[in-house]
Amino acid sequence: IRCWSNIPFITMPLSRAHGKSFAHRSELKHAKRIVVKLGSAVVTRGDECGLALGRLASIVEQVSMLQNQGREMMIVTSGAVAFGKQRLRHEILLSQSVRQALHSGQSQLKDMAIPVLEARACAAAGQSGLMALYEAMFTQYSICAAQILVTNLDFHDEQKRRNLNGTLHELLRMNIVPIINTNDAVVPPPEPNSDLQGVNVISVKDNDSLAARLAVEMKTDLLIVLSDVEGLFDSPPGSDDAKLIDIFYPGDQQSVTFGTKSRVGMGGMEAKVKAALWALQGGTSVVIANGTHPKISGHVITDIVEGKKVGTFFSEVKPAGPTVEQQAEMARAGGRTLAALQPEQRAEIIYRLADLLTDQREDILLANKKDLQEAENKGRLALPLLKRLSLSTSKLNSLAIGLRQIAASSQDSVGRVIRRTRIAKDLDLEQVTVPIGVLLVIFESRPDCLPQVSALAIASGNGLLLKGGKEAAHSNQILHHLTQEALSIHGVRDAVQLVNTREEVEDLCRLDKLIDLIIPRGSSQLVRNIQKAAKGIPVMGHSEGICHVYVDTDASVEKVTRIIRDSKCEYPAACNALETLLIHRDLLRTPLFDQIIDMLRVEQVKIHAGPKFASYLTFSPSEVKSLRTEYGDLECCIEVVDSVQEAVEHIHKYGSSHTDVIITENEKTAEFFLQHVDSACVFWNASTRFSDGYRFGLGAEVGISTSRIHARGPVGLEGLLTTKWLLRGDNHVVSDFSEHGSMKYLHESLPLPQRNVS
């Protein structure tokens, strides 16, 4: 403990011991001490005269939120020159023009020339105002801020370094946010040969180098550098081939072409990268991101700390495999090659995968056993999810049969002509089926989903990205390996990719330039999260499977209990399992009703009473909390309705448009139900569990869709195709079809080519 000027503080080591930066974005949430560097373009307005107050207020709000979470926040800010320029311009105009304006009017005032203002004078005039603004903003969050002005000499002088280090630590100890800036009122020009030259030498010639130096000196966990670009690109932003670099590793700078510097400020992107690499070498993680974009600036800092994929993350740990962006590009290229194969070749791949599922059965089940043991040991999975996670010999045999069905039905999928039109003489138009592109399938606890979806993607010529739950990691790994082995027989191994990196689902949903369709397979919460997170990418699926069975007055006694038992008890965790049982009021207190209740009790199904059902009972089961509940277990709701019309209304109000069933012998009543229930699947005298791609004869499904466009219900091969138009002409131009042109439109329908039904 030392005491200078009667203020005790703990002196810190002058040179930071080489720490270890975070290896992955997901670890950034553990950052305790954070430096936020605000570039000139972030702090200043577009006219470079004055501050961007709204943007600055948002940044202060985010910093305050993190500070109040118990983190230690520091800000390295620009803006004093811009703020001072605004003030000095105003003062100069006022002092030079008041008398002239009084005597000569406004015309002469408008023509007055504003002198060029010297930057140091602007900084001197703006520093106090900038700090006052920060203080006023932080006060709104009950946080105190303190200003520190530094120059390069403060880091080269041992005593000054000690003073600076001690002051900063004392401020952080007192929960004060230090606001640091270069003292631009007195700072000398940078020395030409004192650039970043290793961990012990860094010239504080701009706020980028200041932030890096400060971060290392203070043993900071994270340095966030905000600029006016999204991050680091592999070529100047705005150029045609420029791609945002998600993770930047030391040594990668050889592959980057730097553009011009920011519109304001001292440093460009090259300076930021050098400063970032210097900080990384000193053990501080770095993210460079856009702090000016109106859609993200309001949460860019908190998003970075939460580990979201924002800007460019600097890491010393290079993953062994490709990034998810590279995997998506590989899947697209592989998918295009796959689509160009002959139908027989795609079918051959699927047949080979089906054979591998049975030939390698023991290895698959061994891997699955590891997943089950780990899940049981950690106790993180409910019983329904454990059932979904489990594989068996019968499941693998069923999978193989389904895959062979897909192979047999895929002969005439891609490139099938569905419409032919003769537009005019020698001008023929065709509409043909083509793959959608790159599919992202996210699934939980369902390793059997991997070969199913892979086979459908192969048959439809789509590239595929798979993101499975970590609870099925061993099973997914071997099933993906077998899939790639099958793909290798025709050289398209890369068409199906398994994402093994630590990508968050939300980050994957932002890859709108690489992914064409997202298909979630999992809990309703997973589907809702993906639908919310997907920006610009369509999501196919259903968020809930609230399936109803309505028992009509004319229902057959023999059929009722069989259908209800199968719908609820055969696999209660499935999305097509019965969740709400609707019973006609006239059936209450009848032998049929008693049989239904007895069967449910024998099957140990917990019953929840709907409001109307509860009103008929003296002692009722627990009343349901919501009629819109997917139990996913041996539980269901029973509710009473007065008619088939009321049953339809109930389904429309509380259902999820998934699968709904009527049990009746009255054909007229059944047809009314079939025609009026607006769900993806509507059945008469059949179990809800038939709502399945395999049972529909589709071979397999990627999921069940309740959306009203493209595909609905169990989505098989046809649902993974779209169309394109092919026009074949001979020197045709539109002007020939004008009023005085030489050609006329025919628009004749032409016969379709014979389909291959072998």
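The values are calculated or read from the model by the stated rules, or taken from the named source; none is laboratory data. Predicted, not measured: the structure shown is a model, and the values here were computed from it. Don't worry about glycine lacking a Cβ; one is built from the backbone with ideal geometry, like all the others, and counts go over all protein chains shown. Heavy atoms of the whole protein, side chains included, go into the accessibility calculation; ligands, DNA and RNA do not. Shrake-Rupley method; radii C 1.70, N 1.55, O 1.52, S 1.80 Å.
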Residue list for the stretch 701-758, filter: closer than 20 Å to SER413 by Cα and in contact with an Asp or Glu (Cβ under 6 Å, 6 or more places away or on another chain): PRO714, VAL715, GLY716, LEU726, ARG755, ASN756
Pair list, Cβ under 7 Å, 6 or more apart: the stretch 308-328 residue farther than 26 Å from GLY291 by Cα, other residue part of a strand (DSSP E or B): GLN327/LEU465; GLN327/GLN497; ALA328/VAL438; ALA328/LEU465
Residue in the stretch 330-341 that is within 25 Å of PRO237 (Cβ to Cβ) and of a type outside the set (A, V, I, L, M) present: yes
Residue within the stretch 689-700 that is in contact with a Phe, Trp or Tyr (Cβ under 9 Å, 6 or more places away or on another chain), crowded, with 19+ Cβ neighbours inside 10 Å and not in a loop (DSSP other than H, G, I, E, B) present: yes
Residue count for the stretch 406-418, restricted to those that are in a helix (DSSP H, G or I), aliphatic (A, V, I, L, M) and open to solvent by 40 Å² or more (accessible area, probe 1.4 Å): 1
Hits in the stretch 341-380 - residues which are surrounded by 14 or more Cβ atoms within 10 Å (Cβ to Cβ) and in a loop (DSSP other than H, G, I, E, B): LEU341, GLN360
When residues of the stretch 667-688 are limited to those that are of a type in the set (A, V, I, L, M, F, W, C) and assigned to a helix (DSSP H, G or I), the one surrounded by the fewest Cβ atoms within 10 Å (Cβ to Cβ): LEU674
Of residues in the stretch 241-273 being surrounded by fewer than 19 Cβ atoms within 10 Å (Cβ to Cβ) and closer than 26 Å to ASP184 by Cβ, the one modelled with the highest pLDDT: GLU270
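Please pick out the residue among LEU403, LEU338, LEU383 that is crowded, with 20+ Cβ neighbours inside 10 Å and within 29 Å of the chain's Cα centre (by Cα).
LEU338
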Residues of the stretch 144-184 classified as part of a strand (DSSP E or B), open to solvent by 40 Å² or more (accessible area, probe 1.4 Å) and farther than 17 Å from ARG213 by Cβ, total: 1
All positions within the stretch 703-758 that are within 30 Å of THR659 (Cα to Cα) and open to solvent by 100 Å² or more (accessible area, probe 1.4 Å): ARG708, ILE709, HIS710, GLU718
Pairs, first within 13 Å of GLU635 (Cβ to Cβ) and assigned by the TED database to the domain that holds GLU635 in the stretch 606-624, second polar (S, T, N, Q) and at pLDDT below 95, C-beta under 6 Å, six or more apart: HIS608/SER622; ALA609/SER620
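Please verify whether PHE673 is at pLDDT 90 or above and within 27 Å of GLY632 (Cβ to Cβ), treating the condition exactly as stated.
yes
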First in the stretch 658-681 and in the same structural domain as LYS559 (by the TED database) and over 22 Å from ALA711 (Cβ atoms), second anywhere and open to solvent by 60 Å² or more (accessible area, probe 1.4 Å) and assigned to a helix (DSSP H, G or I), Cβ under 7 Å, 6 or more apart: ILE663/LYS559
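Return yes or no: is LEU117 crowded, with 16+ Cβ neighbours inside 10 Å and at pLDDT below 75?
In short, yes.
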Restricting the stretch 579-604 to residues that are outside any helix (DSSP H, G or I) and polar (S, T, N, Q), the residue that is nearest to THR688 (Cα to Cα): THR580
Index of the failed condition, ASP730 passing every other in (1) out of contact with any Ser or Thr (no Cβ under 9 Å at 6 or more places or on another chain); (2) without any contact (Cβ under 8 Å) to a residue 12 or more places away in the chain; (3) of a type in the set (Asp, Glu): (2)
Options ALA424, ALA400: the member that is small (Gly, Ala, Ser), in contact with a helix residue (DSSP H, G or I) (Cβ under 6 Å, 6 or more places away or on another chain) and touching a residue at least 12 places away in the same chain (Cβ under 8 Å): ALA400
Entirely in the stretch 460-575, the helices (runs of 4 or more DSSP H) that have 3 or more residues that are touching a residue at least 40 places away in the same chain (Cβ under 8 Å), over 30 Å from ASP660 (Cα atoms) and in the same structural domain as ALA407 (by the TED database): 473-487, 505-508
Pick from the stretch 537-562, criterion out of contact with any strand residue (DSSP E or B) (no Cβ under 6 Å at 6 or more places or on another chain) and β-branched (Val, Ile, Thr), ranking: nearest to LEU514 (Cα to Cα): THR561
LEU627 being among the aliphatic types (A, V, I, L, M), surrounded by fewer than 17 Cβ atoms within 10 Å (Cβ to Cβ) and not in a strand (DSSP E or B): no
So VAL648, is it of a type in the set (A, V, I, L, M) and either closer than 17 Å to PHE683 by Cβ or open to solvent by 30 Å² or more (accessible area, probe 1.4 Å) (or both): yes
Hits in the stretch 311-321 - residues which are open to solvent by less than 60 Å² (accessible area, probe 1.4 Å) and modelled with pLDDT of 85 or more: GLY311, THR312, PHE313, PHE314, SER315
